[in-house]
Amino acid sequence: MQFEELKNVLVAAAKRAGIDEYEIYYQAEENVSAETLKREISSFSSGVSGGICFRCIVDGKQGYASSELMTQDAMEELVLRARSNAECIDSEDAPYIFEGSEHYGTPQLAPPALLDAGCIRKTALAVMSHTYAASELVGDGTQCGAVSNVRTTHLFNSKGLSLSSTVGMSGAYSSAIVRKGDEAAEAFEFSKENGEEALSALSERAVTRALSKLGGREIDTGKYNVLFDGRVFRDFLSVFSPVFSAKNAQQGLSLLRGKEGEVIAADCVTLIDDPMREGNPMQAAFDGEGVATQKRAVIDGGVLTTLLYDLTTARRAGCASTGNGKKGKYSSPVAISPYNLSLAPGEYSREAQTEVLGDGILITEAKGFHAGADAVTGDFSIESAGFRVLDGKLAYPVKSFTVAGNFFELLKSIESLGDTVHWGIPAVTAFGSPDVLVRGMSVAGK
């Protein structure tokens, strides 16, 4: 059954069950991907997934139920299960159905088409071929691949709100491993362009970055001026983004509680969440509750202008939702998260910032965030690698050191920002950052 048919069955079933307030949330997703290993296709997958969720309010209580089975009988049962669940669920927050926003943005990109299996296989093999051709040092363990997915969402409720969207992403990647003697290094690159020239450039970038890591030295423990590559700092934004959640703040799980309107970062720092970011194929005009999304500065010139709210946390705070109540899957509860969160770029090129850095470290790789970072306190201790900078120029690669600090103090210590934002893989939630210069950071080396 198509969504319109499912919706009509659910509406009729709700009426028979005496349910006046309800919401229907439907999601369908198609995926196809291929990966290579040792110069041949090592895995291939293709699939369709999705389902529907029915949420209702009965006698002031909320209930919901979901199903992947799209039949009339399943829809009839779905309504009855949601009604039954409403009798069992208690909440301090009074539930309600959102009537809709005054205006919704229009995605700038046409709905994407899913690439077929043949195209995906061909692209993955082409990236592999280009990657091995980029250097004789490229060796076994190198993995390349191509992916394509399309997601369609429908939201309909008893207040007359009816919204839909189709988003998707296609791209290719190269995870190049180079070996020289007993030493090996790896680098990952992704591109949403799939022309032959773009795939060749993708492979060249991955191999060049991997080669640049060979010959890494250890450094002494001490205080260093640090230039974070934007690809690394966007990982900091990803890990610590929960601190901007109003729910976490209201539950005492964010140190930004009560800080709206206060200075929390250097005056060169502006942090933007842009659901309709230009060029992003995963643009979102509305959130999982039907609230219109908007581009907004979470931090503006160092000042925390707003936390990120869904409808429930906004009602608690006596403000409007920021449209950040998202559903990861059709059956998931609403959770607060950003869309495209990034630091606004500054005015310095990489070369200019390296020169201003003078004597220090350019950090181009960091790992272990899952174990080495605490999103509540802001503390982090991250295994890193990069390049020693001497007299404003890259001197030699460095490896196996740990950089430690506190995210909230880091925001206040930012001295300058690069002129280019480096975005991660396009997704429903994506992060980006320019290069970030900070002085006097603690580094544990040899």
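Each Lys and Arg Cβ is given +1 and each Asp and Glu Cβ -1; about its Cα centre, the chain then shows a dipole of about 360 debye.
Using per-residue counts of other Cβ atoms within 10 Å, averaged over each peptide, order 126-138, 173-185 from highest down. Write down the numbers at each step before the final one.
Values: 126-138: 19.7, 173-185: 17.7.
Going from most to least packed, we get 126-138, 173-185.
Taking all protein chains into account, the per residue accessible area for the chain stands at 45 Å² (1.4 Å probe). Summing charges over neighbours of Asp220, with a neighbour being any other residue whose Cβ is under 11 Å away from its Cβ, gives +3 when K and R count +1 and D and E count -1. Ordering Thr142, Phe156, Phe188 by the projection of their Cα atoms onto the charge dipole of the stretch 141-221, which places +1 on the Cβ of Lys and Arg and -1 on the Cβ of Asp and Glu, puts Phe156 at the extreme positive end. All other residues whose Cβ lies under 15 angstrom from that of Asp267 are scored, Lys and Arg at +1 and Asp and Glu at -1, for a net of -3.
Given the C-alpha centroids of the stretch 13-62 and the stretch 216-234, what is the distance between them in whole angstrom? With the stretch 13-62 and the stretch 216-234 each reduced to a Cα centre, they are spaced 42 Å. One decimal place: the segment Arg81-Lys367 gains 98.5 nm when fully extended, by the rule 0.36 nm per residue minus the C-alpha distance. Scalar couplings 3J(HN,Hα) for the stretch 437-446, obtained by applying the Karplus form with A = 6.51, B = -1.76, C = 1.60 to θ = phi - 60°, are 9, 9, 10, x, 8, 7, 10, 9, x, 7 Hz; x denotes Gly and Pro.
Can you tell me the FRET efficiency between Asp391 and Val263 if r is taken as the Cβ-Cβ distance and R0 is 35 Å, rounded to the nearest 0.05? Write out the running numbers ahead of the final one.
Details: r = 34 Å, r/R0 = 0.98.
According to the calculation, E is roughly 0.55.
Let me have the relative contact order for the stretch 1-134, percent, based on Cα pairs under 8 Å that are six or more residues apart.
26
The relative contact order of the stretch 95-162, computed from alpha carbon pairs under 8 Å that lie at least 6 residues apart in sequence, is 44 percent. Modelled this way, with points 7 Å down the Cα-to-C-beta line, the labels at Asp140 and Leu109 are 3.8 nm from one another. Rounded to the nearest 10 degrees, what's the angle between the helix 117-134 long axis and the longest principal axis of the chain, both from Cα atoms, 0 to 90? Value to nearest ten degrees: 10. At full extension, Asp73 and Gln2 could sit 24.1 nm farther apart than now, given 0.36 nm per residue minus the alpha carbon distance. Summary of packing: across the peptides 359-369, 31-41, 255-265, the per-residue average of other C-beta atoms within 10 Å ranks them, highest first, as 359-369, 31-41, 255-265. Relative to the longest principal axis of the Cα atoms of the chain, the long axis of helix 230-240 makes an angle of roughly 40 degrees.
Return the FRET efficiency for the residue pair Ser442, Ala352: r is the Cβ-Cβ distance, R0 is 35 Å, and the value is rounded to the nearest 0.05.
0.85
Each peptide in 337-343, 75-81 was scored by the mean count of other Cβ atoms within 10 Å over its residues; highest first, the order is 337-343, 75-81.
Using Cα-Cα distances under 8 Å and only pairs 6 or more residues apart, what relative contact order does the chain have, in percent? Don't jump to the answer; show the numbers that get you there.
Numbers: 1135 pairs, mean separation 68.8, N = 446.
Computed value for the chain: 15 percent relative contact order.
For Glu87, what is the net charge nearby, where nearby means another residue's Cβ is under 13 Å from its Cβ and Lys, Arg count +1, Asp, Glu -1?
Values: positive: Lys61, Arg81, Arg83; negative: Asp59, Asp90.
Combined, the nearby Lys, Arg, Asp and Glu give +1.
Across the cross-link table entries Lys15/Lys329; Lys122/Lys329; Lys223/Lys367; Lys327/Lys412, which are compared at the Cα atoms, the separations over 24 Å belong to Lys15/Lys329; Lys122/Lys329; Lys327/Lys412.
Relative to one another, the C-alpha centroids of the stretch 394-416 and the stretch 100-175 are positioned 33 Å apart.
The values are calculated or read from the model by the stated rules, or taken from the named source; none is laboratory data. It should be emphasised that the depicted structure is a prediction, and the values quoted were computed from it without experimental measurement. Backbone-built Cβ (ideal geometry, glycine too); neighbour counts: all protein chains shown. With ligands, DNA and RNA removed, areas are computed over all heavy atoms of the protein, side chains included. Shrake-Rupley method; radii C 1.70, N 1.55, O 1.52, S 1.80 Å.
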